Structure formats: structure tokens, C-alpha cells
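Have a look at the structure below, then the notes.
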Amino acid sequence: MRAPVEIPMFSGHFPASRLVGALSALLVGLALTLGAYAAEDTQSVASQLPDMGSPENAILSKTDEFQIGLMAMHQLRAQGLVLEDPELTDYIQNLGSRLAAQARDDDQNFSYYILRSDEINAFATFGGFICINSALVLLTKNESELAAVLAHETAHVRQRHIARGIMAQSKMSLASTAAMLAAVLIGAVSGAGGAAMEGAIAMGQGVALQQAMNFTRGEESEADRVGIGLLAGAGFDASAMASTFESMSRRLGDPETAGPLDMLRNHPVTRDRTAEARARAGQYAHNPVHESILYPWMRERLRVLVAPPDRDMMVYYAQLRDHRALSDPERYGEAIAQTQGGQAGAAAVTLRQLLDKYPQITALYTALGQALQADHQSTAALANFEHAMALFPRNVPVAVRYADTLMQTGHARQAHLMLLDVFNNTQPTPEQIRLTALAASAAGDTGDASYYMAEYHISNGDLALANQQLELALASPNLTSVQRQRFRARLDEIREWMREQREVHDAGQ
């Protein structure tokens, strides 16, 4: 299994002199939302790409950005804001990757996440980490509208807007930058009150809010232009960006009356901006549109998973049925709600019917397997997952759900080996690394269990805990020579990173 991320957190690659303008950067990162003012330029996407030899690369490299962003994502995870669902994670990453492929920037990371929040918002931050709130996903009406939001944020990353925004500001350390970034992002996602947001902003030590806001308006216009090109190039409806703006306007009301903190979280969607986006989309009017079948299914899945605890989603779908027949994606959503609500047997019946009709949708296999296991039909659940793995080898959501069921039924070794095979070929999330560690532990492989827990801590930026876990891994009995060499090499890397961190800290004193 390859290391999830070769990321030396707080390493010597981060002299404090390179991390300039922390608050300005944070505000730009937060303000990379769907908002601001449209521009009149109608250049092609290619002509708008930045000069990659420009000064921002000397100030903050893409590796620098990635490491700061990784720490910020760790903070969002720690707050429980990142939606940890294999099916939705796989869907949003694949959707975003279609857009990222159009950016033609092979050395840039693009990672896409859904956050649990009822705030209408999306943002791109350091290192190509792009987040969209669940409420905004549910606001969209089709896959092109969802892709339009991601395209806008992908354009911010492609244009290096954050790095370009920090070049002429004050200096700050990596730890302070990432901590402030996390504070502002968490405030935006969770709908923090004005006092909390103002407190985070005040940490900027003199950078004016209005100056940062003014800066982002030009970047927003550029992101609209480039994003529409990415959207069309990836095979989506280019007019979807304008229709998304219209939906946001209806939801958010009159932007001219919004307070300053509302404006910070969501730049105004003006009529001019919407008109400009629609006019620009006209350049791509004859492009074919290719949307996947998955959008309505994943939207219903999300609706159920982010519903507040006091809302009975089975009642929600029953009320819909009182007025009309449920669509097949809605029946899928209802089945998920039934599994959660103790009616797994009924859910399994519905999911079998849907699978007969849509055998290409992997999410139906995973939902059926979970329903069967919840209904105490373990043999049928395992057979379902085995069949799905044969049809879709190394599919991450199928593998994760299968592994979980194998562990519940006393087949931890099989789960461990399967996860190793899958994640040697695909990039796991932190939670998937943790699952691999748990499978190794349940299988009695204490060395691998400690090693993958170390990888889990590395992915979250906690080098001290990773160091401890690797020491435990090396102390485990019955290690093979290959395991011992791998664990030792990783421990040496960790210790070197920690040494560099101390040198940077001492140099800043």
C-alpha cells in the first residue's frame, strides 16, 4: 500500500519569510465563493492562464500551498464538517476530476469535498482543496449546475489566485496561517456568528477587510470566465453557471442589503454577472452535453445523510408519495432512510428492484449490501458484495462497504488483504486509511495496524503520533524483512520532518 500523501507537515520547506499576508490569503481563500462581478473580456480559456514563471511561484510554491491546505482540511475534519461517505466522496471527486482535466495542469492537486452545512457556499483554498457545502449541492437542479460550482472553484486554483493575493502583505508562519485559515473556513461553513468571524478577521494584524474584498472581485470575474470554459470543455451545459447564479439569488435575496460578513461568505450575485455568464455560455451553445446518470441518486443520498436528527426522512418520502409517484432516485433515498430507521428488510426489496433496472450503478450494490447486513442476512450481504467486486474490481466504495461487512462477520483478514489491494492502486482518504488499520488489527497483524495508524496521523498532519505508531510497528513480533524495511524508512522520514520543523521553529524565535 503506498503512502497516502508524501507530506512533511511543518517541514523546513516553510521558512516564515515565504508565508506572506496570511489574513489576505485567508480572505481570498474564503472569498473564492460563487460571487462578485462579471468582466467583459471574452478571451479563450487558454489565453487566460497565468504565467507559471510569475512571482507568486517564488513566494508560495504549489507544494507549500498543498501542505497548508492539508492542515486546514484536517481542522475541518476535526470539526466533523467533512462528509465521510465513500459513495459521495467518490462521486464528487470524479465529477471534479472531469473539470480538472480541462485545466491541463498536471502538477497541481485538485481534491473535492462535500461539507455538512446549511450555508449556501463553496470555496477553494490552499493546495487545490475545493469544498462545496451540502446545502449548495441540494440547491442545484442538475449535474451541470453542480459542475458549474466546482468549475468556478477549480478556476480559482488554476489561476493561482491565493498565491497571487499574498505577495505584497505581512509575514506569518505556516502554523499561524493554517490555523487562521481553518478558523475562517470553519466559521463560514458552520455559520458562525458575527463576533466569532470578526475575531478571526481581527487576527490579521492590520490588513483591511475592504481591501481584501476589492481584490477578490477581479479574481471572481476571472474564475467565471475560466470556469465556464472548463465546464463546456468537460461536456457540461455552459449555461448552468448562469442558472446557478439565479438559484442563489432567489435563495439569498437582495445582495445589496447583505451585511459585511454575509458579503464575506457569499459575494453578491448581480444581474450583470448572471447576464455576462449567460452571454459567455452562448459561445459554447452547440457543444454536446454529457451528464452522468448518478447526479439525482447522489443528491438523494446526500439529502438523507445530512438531514437533521429530528427529521424523519421516511416521513419526508411518504409525504412526497402522497402527491405523486417517487422517482427511482427518490426510492433509493427512501431505502437509505429505511435502512437507517430500522426497516432494512423493506429497503432491501426496493434496492433489489432498482438493481434489476440499473445494474451499472455501484451505489445500489453498496446500499443493498448494507441493508441485507442490517436485516441480519449476512450470507446474502457477502454474496452481493462479492458479486459487485467481480463486476467493478477495486471500486473504492464497494471495497470499503465490503470490508466493513467482512469485519462485522469475522473475516477481518480477507478485509485487510482486499483493502491493501485496492489502496495500492487508488488514493485513500484518511478515514479509509484508518479502516485499513482497524482491519489489520482485527486480523492480528499488529505491525501493519500500527503502520497504517501512523499513515492516518500523517494524513492529518500529526507527526508526533505518527512517530509513536511507527515505533510500535517496529516493536511488533513476527515482522517480515519487507515490513521492517518499510516501517524503518517511514520512521526515518518522519523524524527528519520533525527535525526540520524544530529548526524552523528555532529560527523564528
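The values are calculated or read from the model by the stated rules, or taken from the named source; none is laboratory data. Remember, predicted model here, so these are calculated numbers, not experimental data. Here the Cβ positions follow ideal geometry from the backbone for every residue, glycine too, while neighbour counts run over all protein chains shown.
Below, the figures for the structure above:
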| item | result |
| --- | --- |
| Only listed residue being surrounded by fewer than 22 Cβ atoms within 10 Å (Cβ to Cβ) and within 26 Å of ASN395 (Cβ to Cβ), chosen from ALA449, ALA475, ALA442, ALA489 | ALA442 |
| Hey, THR42 surrounded by fewer than 24 Cβ atoms within 10 Å (Cβ to Cβ), modelled with pLDDT under 50 and either of a type outside the set (A, V, I, L, M) or within 21 Å of ALA277 (Cβ to Cβ) (or both) or not | yes |
| The listed residue being basic (Lys, Arg) and over 27 Å from the mean Cα position of the chain (by Cα), out of ARG394, ARG331, ARG352, ARG401 | ARG352 |
| Residues of region 343-391 satisfying the condition of being more than 23 Å from GLN93 (Cα to Cα) and part of a loop (DSSP other than H, G, I, E, B) | GLN343, ASP375, HIS376, GLN377 |
| Which numbered condition MET73 fails, given (1) touching a residue at least 40 places away in the same chain (Cβ under 8 Å); (2) out of contact with any helix residue (DSSP H, G or I) (no Cβ under 8 Å at 6 or more places or on another chain); (3) closer than 29 Å to GLY235 by Cα | (3) |
| Pick from region 282-297, criterion in a loop (DSSP other than H, G, I, E, B) and not β-branched (Val, Ile, Thr), ranking: farthest from ALA238 (Cα to Cα) | LEU294 |
| In region 303-332, the residues that are loosely packed, with under 13 Cβ neighbours inside 10 Å and small (Gly, Ala, Ser) | ALA325 |
